[in-house]
Amino acid sequence: MTTREKINTTDTDDYLLWQALKRSDKAAYEILLKQYYAVVLSYGVRFYRDKEFVKDCVQDLFIEIWNRREHLGDVVSVKSYLLQSLRKNIIRENSRLKWFRDADQISDDQDFNVEFDIETYLITREVENESLKKLRLELDKLSKRQREAIFLRFTQDLSYEEISFIMGINYRSVVNLIHEAIKAIRKNWFAVLLSGILFIY
């Protein structure tokens, strides 16, 4: 089975579960909860680093979905719907709580923490530690939105359309964000690998 077929199968299963949820099927709700809780939480803690705060937002999201189940609309992708909903909830809840505690307000320009697989690749190949530090510095130069788009595309395996929906930007902007990020990563990855090869020989 191809990757695309797997994705389509997952989307179809999710659609059926979503429809069952809307009919108050508690078993379908529990399946979706188990399937996506960790995925949504993983995205949330990269979007906002207070894990307990994010956990509360995730729990509120799933409670709200169950309470509003009979009024939910159809969704093309359950995963992208959940991620986009959490994103909005975190921004809204943080804005509300700023009146009750000292906290920096977050927005669409928030920081985004992504651990790139490229670092693991280099570490396993014993690339010189100084070169790895240089690469990390270059990766940190990616914009916050580039980091988020890269995470959604390559860690969550979402389409450009789904990323556009989650981040609230148009399709072309998503393509440009990812293209420029990949170009920067490839350029610096090659430089580090080359310095590692020269160091060995």
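The values are calculated or read from the model by the stated rules, or taken from the named source; none is laboratory data. Everything numeric in this text was worked out from a predicted model, so none of it was measured. Note that we place each Cβ from the backbone using ideal geometry, even for glycine, and neighbour counts take in every protein chain shown.
Can you spot a residue in the range 96-105 that is more than 27 Å from A38 (Cα to Cα), basic (K, R) and modelled with pLDDT under 55?
Restricting attention to the range 96-105, the residues satisfying the condition of being more than 27 Å from A38 (Cα to Cα) are 99-102.
Those still in the list that are basic (K, R) too: 101.
With modelled with pLDDT under 55 added as a condition, the list becomes 101.
Yes, some residue in the range 96-105 is more than 27 Å from A38 (Cα to Cα), basic (K, R) and modelled with pLDDT under 55.
Figure legend. Inter-residue proximity from the range 164-179: first residues free of Cβ contacts under 8 Å to residues at least 24 places away in the same chain, second residues part of a loop (DSSP other than H, G, I, E, B), beta-carbon distance below 8 Å, spacing 6+ or different chains. Indicated pairs: S164/N170. When Y121 is tested against (1) modelled with pLDDT under 60; (2) crowded, with 17+ Cβ neighbours inside 10 Å; (3) among the aromatic types (F, W, Y), just one condition goes unmet, and that condition is (2).
For the range 39-53, filtered to residues that are under 13 Å from the mean Cα position of the chain (by Cα) and aromatic (F, W, Y), the residue that is nearest to R145 (Cα to Cα) is F47. Candidates R87, R96: the one that is assigned to a helix (DSSP H, G or I) and touching a residue at least 12 places away in the same chain (Cβ under 8 Å) is R87.
Determine whether A27 is over 17 Å from S80 (Cα atoms), in contact with a Phe, Trp or Tyr (Cβ under 9 Å, 6 or more places away or on another chain), at pLDDT 90 or above and part of a helix (DSSP H, G or I). The answer is no for A27. Checking each residue of the range 153-167 against the condition of being over 13 Å from the mean Cα position of the chain (by Cα), at pLDDT 85 or above and in a helix (DSSP H, G or I) gives at least one match.
Examine the range 79-91 for a residue that is within 25 Å of L33 (Cβ to Cβ), touching a helix residue (DSSP H, G or I) at 6+ places or on another chain (Cβ under 7 Å), hydroxyl-bearing (S, T, Y) and modelled with pLDDT of 55 or more, and state whether such a residue exists.
Taking the range 79-91 first, the residues within 25 Å of L33 (Cβ to Cβ) are 79-91.
Imposing the further condition that a residue be touching a helix residue (DSSP H, G or I) at 6+ places or on another chain (Cβ under 7 Å) reduces the set to 79-80, 82-87, 89-90.
Checking the rest, the ones that are also hydroxyl-bearing (S, T, Y) come to 80, 85.
After this cut, where a residue has to be modelled with pLDDT of 55 or more as well, the list is 80, 85.
Scanning the range 79-91, I find at least one residue that is within 25 Å of L33 (Cβ to Cβ), touching a helix residue (DSSP H, G or I) at 6+ places or on another chain (Cβ under 7 Å), hydroxyl-bearing (S, T, Y) and modelled with pLDDT of 55 or more, so the answer is yes.
Reported count of residues in the range 26-55, each being without any contact (Cβ under 8 Å) to a residue 24 or more places away in the chain and of a type in the set (A, V, I, L, M), is 5.
Only residues that are assigned to a helix (DSSP H, G or I), buried (at least 19 other Cβ atoms within 10 Å of the Cβ) and among the polar types (S, T, N, Q) were counted in the range 53-83, giving 1. R147 meets all of the listed conditions (1) part of a helix (DSSP H, G or I); (2) modelled with pLDDT under 65; (3) under 17 Å from Y48 (Cβ atoms) but one, namely (2). Among the residues making up the range 155-181, those that are of a type in the set (A, V, I, L, M) and buried (at least 16 other Cβ atoms within 10 Å of the Cβ) are L158, I163, I166, M167, I169, V174, L177, I178, A181.
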